[in-house]
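Quick notes on the structure that follows.
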Amino acid sequence: MSKKESNLPIIGGTIAAVGAGICCAGPLVLLMLGVSGSWISNLTLLEPYRPLFILAVIVLFGWAGWNVYRPIEDCEPGSACAVPQVRKQRQIIFLVTALIALALVTSVYWIPVFM
């Protein structure tokens, strides 16, 4: 991997998505593990930071998507993005993590259906 190529955008986007979804997914996971009590409803410590996490998800996944789907002509010869197999593998990993991030970021809307 060259100095210009990094996994930081996709890793950072996934971590930001977890942060954005933890306010809603956290209590659901605790309930699924059998932890109950009225204090679970007070697990909203990260709720004020949710818009910042969502912004970080959009920026980092946008950057990662641009790096993964940029034209092959923009890649340096011999770099990882110029190899078709590596390029396809990175695109698949990007799509899977982007779908996970989307599920976590939108969890505030679909988790209440299951509660």
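Bear in mind that the values in this text are calculations on the coordinates, not laboratory data. Since this is a predicted model, take the numbers as computed values, not measurements. A quick note on method: Cβ atoms are made from the backbone with ideal geometry, for glycine too, and the neighbour counts reach across all protein chains shown.
When each of the peptides 88-97, 65-74, 48-57 is scored by the mean number of other C-beta atoms lying within 10 Å of its residues, the order from highest to lowest reads 48-57, 88-97, 65-74.
Going from the fewest other Cβ atoms within 10 Å to the most, the residues Phe61, Phe114 appear in the order Phe114, Phe61.
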